[in-house]
1. Within segment 152-173, is there a residue that is touching a Lys or Arg at 6+ places or on another chain (Cβ under 9 Å), at pLDDT below 95, over 30 Å from ALA81 (Cβ atoms) and of a type in the set (A, V, I, L, M)?
2. Can you name the residue in segment 15-40 that is among the acidic types (Asp, Glu) and within 16 Å of GLU5 (Cβ to Cβ) and, of all such residues, is surrounded by the fewest Cβ atoms within 10 Å (Cβ to Cβ)?
3. Name the one entry in ILE10, ILE87 that is in a helix (DSSP H, G or I), among the β-branched types (Val, Ile, Thr) and farther than 17 Å from THR144 by Cα.
4. Could you grab the pairs with beta carbons closer than 6 Å, sequence gap of 6+ or different chains, first residue in segment 150-168 and of a type in the set (Phe, Trp, Tyr), second one outside any strand (DSSP E or B)?
5. From the residues in segment 158-181 that are farther than 18 Å from ASP128 by Cα and hydroxyl-bearing (Ser, Thr, Tyr), which one is nearest to the chain's Cα centre (by Cα)?
6. Which of (1) modelled with pLDDT of 95 or more; (2) more than 25 Å from LEU149 (Cα to Cα) does GLU113 not meet, given it meets every other one?
7. For segment 205-287, please list each of the strands (runs of 3 or more DSSP E) lying entirely inside it that holds at least 1 residues being modelled with pLDDT under 95 and under 26 Å from GLY177 (Cα atoms).
8. Criterion first (buried (at least 17 other Cβ atoms within 10 Å of the Cβ), assigned to a strand (DSSP E or B) and either at pLDDT below 95 or at positive phi (or both)) does GLU134 satisfy it?
Amino acid sequence: MRKSEAKQLIEQARAAWDAEEWQRAADLYEQVLAHYPDLEASAVWWYDAALGHKFLGNWEKAYELGVQAAARSPRGEGDPAFWNLGIAATIRRDWATARDAWSGFGIDLPDGEGEIAGRFGNVCVRLDTDGEREVVWIERLCPTRGRVLNVPVTGGRRYGEIVVHDGEPKGERVVAGTTYPVFDELLLFEPSDLPTLSVTVAAAERADLEALLQLFTDHDFGAEPESSLVVLCACCSEGTLHKERGVQAGAQRVSLAAPEGDARRLLDQWAGDTAIGRSWSGLEVVA
């Protein structure tokens, strides 16, 4: 392939990219890279080709091309080639490559080998299942993976499942003066075996409801009162939202994540801890 022909293909690839034709753009970049893998500009072409396959959800190709992009990128300088490779390697459960990619980006990891199970703080993730979208809190286990801390109301999603999220924030949540990014979910990494239940509780004081939530949390289960849910349009969800801590008292439905027997036992314990002001009814499994 002559360089003049390669230049034309790169121009076509960029036009396809601008039109969000990710597959065509990636294919055109790969045609050129087959002949010119190591030009000064090639690192960008490797990166864009890998990114195109990331947008397509083709993680095998995103990994294959991402390895080449990272190999031609500077280490320790926050180069996005390492971040995207870290995501693809995590999805493939190639922990050695993922660890090297995060280190190449400039992130300090917990010592060890294999799966990364660190404490990277809490952030929000926008779950997306068949067009339904819901923002939940997660505890990050690595730069791109986290455990869901809420009981989702979206059908088919569960408390405790582990998700992989993107690296570009799409919105913010501000709580008590601290700003947390909102990332889009890329895929469900590990499902949770905890069923979702629904129950009506009556709590005389906000402290009564908070005691219920804490009781379930202490047993590694989840509880989510409807008073904590906020419905937003897509535009507002991707903006900056100021949230207040705490929940409201009164009668309301609460979503629970626990085996039914354990849920009944904890609800009885909670209701029996005070003489008046706490009750529950109508426990049911959510389909």
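The values are calculated or read from the model by the stated rules, or taken from the named source; none is laboratory data. Computed from a predicted structure; not experimentally measured. Counting neighbours? That spans all protein chains shown, and the Cβs are built from the backbone with ideal geometry, glycine included.
1. no
2. At the first step, the residues of segment 15-40 found to be among the acidic types (Asp, Glu) are 18, 20-21, 27, 30, 38, 40.
Narrowing further to those that are within 16 Å of GLU5 (Cβ to Cβ): 27, 30.
Details: ASP27: 16, GLU30: 18.
Only one residue fits best here, namely ASP27.
3. Values: ILE87 fails: farther than 17 Å from THR144 by Cα.
Only one candidate qualifies: ILE10.
4. Listed by first residue and then by second, the contacts come to TYR159/VAL151; TYR159/LEU194.
5. So the residue we want is TYR180.
6. The failed condition is (1).
7. On the way: elements: 222-225, 240-243, 250-257, 278-285.
Per the criteria, 222-225, 240-243.
8. It is true that GLU134 is buried (at least 17 other Cβ atoms within 10 Å of the Cβ), assigned to a strand (DSSP E or B) and either at pLDDT below 95 or at positive phi (or both).
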